[in-house]
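The next block holds one structure in the form of structure tokens; read it before the comments.
The values are calculated or read from the model by the stated rules, or taken from the named source; none is laboratory data. This structure is a prediction, so every number in the text was calculated from the model and none was measured. Here the Cβ positions follow ideal geometry from the backbone for every residue, glycine too, while neighbour counts run over all protein chains shown. Ligands, DNA and RNA are excluded from the accessible area calculation, which covers all protein heavy atoms including side chains. Shrake-Rupley method; radii C 1.70, N 1.55, O 1.52, S 1.80 Å.
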Amino acid sequence: MTHSADHFLAWLRDAHAMEVQAISQLRSQIGRIESYPDLKARLHQHLGETEEQERALKALLDRTPQGHSALKDITSRLSAAAQGVGTLFSAAEVVKASMAAYAFEHTEIATYKVLIAAADELGDQEARQVFEQILAQEIAMANWLEEQIDTVTRLYLMRDERDLQARR
């Protein structure tokens, strides 16, 4: 295997682990959101997309003798759990979770841009198509979060002022 192929495989494994982490984070967020139905619905939609992304990346990894990294997947789940606990105790949990989700989407966007460039370099058109589809979904989610963060923040503040369930 060439150095470029080695890097590509490492980045692909990292992307798979990142999607495993995203699934854990999304499930956790969806399970706790109570007062923000639009946010909950969009996160639920993105969970479905993310589960498909994880399967597509696993299929790409299964083409290689090494496959995916179970250790990275477990570490990703633990990382997602730690982040969930961190926002769970925040007074403004939904706002903090929205901020974290927005930042995470941009990490995913950068990851898939790197993978597209690497797939091009290696001539792997199948992988490139998978990455382009995932990139489009991640950009759409980041854009939606960007458009909604103002609304979520204002709704949180309004609910908090009226002593309504605000944090989730």
Inset, instruction - List the number of the failed condition for L71; all other conditions in (1) modelled with pLDDT of 80 or more; (2) loosely packed, with under 13 Cβ neighbours inside 10 Å hold. - result: (1)
Legend entry - Of the criteria (1) over 15 Å from the mean Cα position of the chain (by Cα); (2) modelled with pLDDT of 95 or more, which one Q66 fails: (2)
Inset, instruction - Would you mind stating whether Q129 is surrounded by fewer than 17 Cβ atoms within 10 Å (Cβ to Cβ), assigned to a helix (DSSP H, G or I) and either in contact with a Pro (Cβ under 7 Å, 6 or more places away or on another chain) or free of Cβ contacts under 8 Å to residues at least 60 places away in the same chain (or both)? - result: yes
Inset, instruction - Tell me, yes or no, whether segment 32-55 has at least one residue that is open to solvent by less than 40 Å² (accessible area, probe 1.4 Å), closer than 18 Å to E126 by Cα and modelled with pLDDT of 95 or more. - result: yes
Inset, instruction - Answer with yes or no whether E105 is buried (at least 19 other Cβ atoms within 10 Å of the Cβ) and free of Cβ contacts under 8 Å to residues at least 40 places away in the same chain. - result: no
Inset, instruction - Tell me which residues, restricted to segment 8-31, are charged (D, E, K, R) and open to solvent by 20 Å² or more (accessible area, probe 1.4 Å). - result: R13, D14, R27
